[in-house]
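A short worksheet on the structure shown next.
What follows draws every value from the coordinates through simple rules; no lab data is involved. Just so we're clear, the structure is a prediction, and the values are computed from it rather than from any experiment. So basically every Cβ, Gly included, is an ideal-geometry build from the backbone, and we count neighbours across all protein chains shown.
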Amino acid sequence: MRTMPHNHVRPYKPICSTAGLSALALAADSAGEPGRSSGKANPLKNVYFGEEHMHTSSSFDAFTAGVSASWDDAYNFAKGKEVKLSTTGEKMKRRTPYDFVAITDHSEYFAVLKEFANPDSDLSKSDFAKQIVAGVKDPSKAGPAVQKLIQTLVQSNPIPEYVTPELRQTKWQDFLKTADKHNDPGTFTALYAYEWTSIPGGANMHRNVFFKDKAAAVPFSSFDSVQPEDLWTYLEIQRAQGIPVFAIPHNSNVSDGWMFSSRKFQGFQGQPAFVGGPIDTKYAKRQQANEPLFEIHQTKGSSESHPWLSPNDEFANFEPFPSLISLGTPSAIKGGFYRQGLVEGMKIETEVGFNPYKMGVTAGADVHSGYQGNEEWDWKGAHGNMDDTPKKRLNPVPNATGENGFTVSSAGTTAVWATENTRDGIWNGMNSKETYGTTGTLIRLRFFGGWGLSSNLTSDKDFVKKAYAAGVPMGQDLPKKPDTTTEGAKNGAFALKTMALSLGIGQIDQSGLSKSTDCAGPTPILTLHRAVHHHHWIVENIGILGDGPCLGRRDFALRPTACCKQEQRGQRNGAK
């Protein structure tokens, strides 16, 4: 079984108005989204855009950066309501509201530190709490207390009074109640989620955890264990108890080469990661079952590829974040990027029978300022009072992230094809990998693959129905090549179609379809067969999914039309 390519759509980030795109127009039916306007569950699926990774004052590092934004603030902003940036008081309002949001505050000290600023809370009475609050108000006073806090994370040795079972359960339940308050089936989905923050030796092995319609009693944190295998055990236990859940890794670009390694990851509290032996059948099978998706882009850079790995891809240097978080030392490149991981995973599969890196794609923010920062024209930074003004973001001196402010960029967005905008619908769509990530423009994109697809498929009024019947959507396995001598079934084909966009209008640039030179072996060629009105495509000859060892490839690049002014970002996104 071969896996369909997962899509990371990488346009130049546009600056243009959506005044001409009404909510009614975006909800209308099209050949690519038949049934969207019915108001009912759509078996042919609609695309929904949202956030799968963000932080509020309930995350310890956001609070120490001066952030006071609440869960309510984050949800209200996502729904298009006006809020204030908590560190400056500046008013903010999304131009295009999101369909769903997952607030993923760190499970370590979950929602505890914000109580330090609450005079009615017993947690605010200790000298440590007072020192933290004083440091929030005046960073020059933050030193010893913040360093102590950081060390508890690095050494995975928490301050006991802030991680009691009662605190962990109570604060988690407070979050679930807030999510339920904002969840509006069919209109807006507030997912149950959090972040597991394992970073032994500075190697980022973070995962975001997503529950479906009910949540565990308490989150699993890196204080419980820094080992991914132990997190998988937690997930497996939850599912055995009837609680559907999965995890999404992110920031392989700062994993020091471990996220897509050929070897097991093992790390000890307070010690550098070390090689845990070659990935075996059990490890690969468990990772495949627990981690269906990967976050390919966020404010701390792109994890798709690197110029050293893809020297002929001008997008390979799109918004890099080269150094380990907070350390400022370069992260290892090999094993640190998704595209290479696709190849490594298939190699592992040939050896052990399972592909640990058979992951679909999402994109997110990881903004720690209490809002979703994908709209670049209204970018307010990602790390509270460290980068909440243009002056701070242009400061060449590295901040606490280990990089300067202008290395951190505006966020990505996750698109999910789902039957309906509900917790069940969004979670099921993500778990099936029928997703993609985008930066900038909210591109409405359908992608199918199959054997002998009709060259007229994308222009057919029943395009989607016939595509599902004749092929498989993004993220799914292509069936075995049919045993037939008919001409149409000899070659595989991709069907790619974009619809009216949720932010500006885009077109596919033919240069986005190119042969791969990322690895040795037969060079697969993608042959353009048909283009209609610049946004209906059939691509024939999927030699890229053939039996050769080379599976690296350039994904499709969508660029905005003349309505959108290209922001000049120079080499940061490969703009020319």
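Can you return the aspartates and glutamates within cross-link range of Lys130? Criterion is Cα-Cα under 20 Å, with same-chain partners fewer than 8 residues away left out.
The qualifying aspartates and glutamates are Asp61, Glu108, Glu115, Asp120, Asp122, Asp138, Glu161.
Sorted by average packing, counted as other Cβ atoms within 10 angstrom per residue and highest first, what order do 71-82, 338-349 take?
338-349, 71-82
Among the trypsin sites (Lys or Arg not before Pro) within the stretch 189-280, which fall in a DSSP loop and have no more than 16 other Cβ atoms within 10 Å of their own Cβ?
Hits after loop and neighbour filter: Lys214.
Hand me the chymotrypsin sites (Phe, Trp or Tyr not before Pro) from the stretch 147-213 located in a DSSP loop with no more than 14 other Cβ atoms within 10 Å, in residue order please.
Taking the stretch 147-213 and a limit of 14 other Cβ atoms within 10 Å, no loop chymotrypsin sites (Phe, Trp or Tyr not before Pro) are found.
Any of Lys45/Lys466; Lys212/Lys285; Lys433/Lys465; Lys45/Lys84; Lys282/Lys433; Lys93/Lys300 with alpha carbons more than 25 Å apart? Name them for me.
With Cα atoms farther than 25 Å apart: Lys45/Lys84.
Need the list of aspartates and glutamates near Lys40 for cross-linking: C-alpha distance under 18 angstrom, and skip anything on the same chain fewer than eight residues off.
Asp29, Asp99, Asp184, Glu420, Asp424
Local charge sum around Gly475 (other residues, Cβ-Cβ under 10 Å, Lys/Arg +1, Asp/Glu -1)?
Result for the neighbourhood of Gly475: 0.
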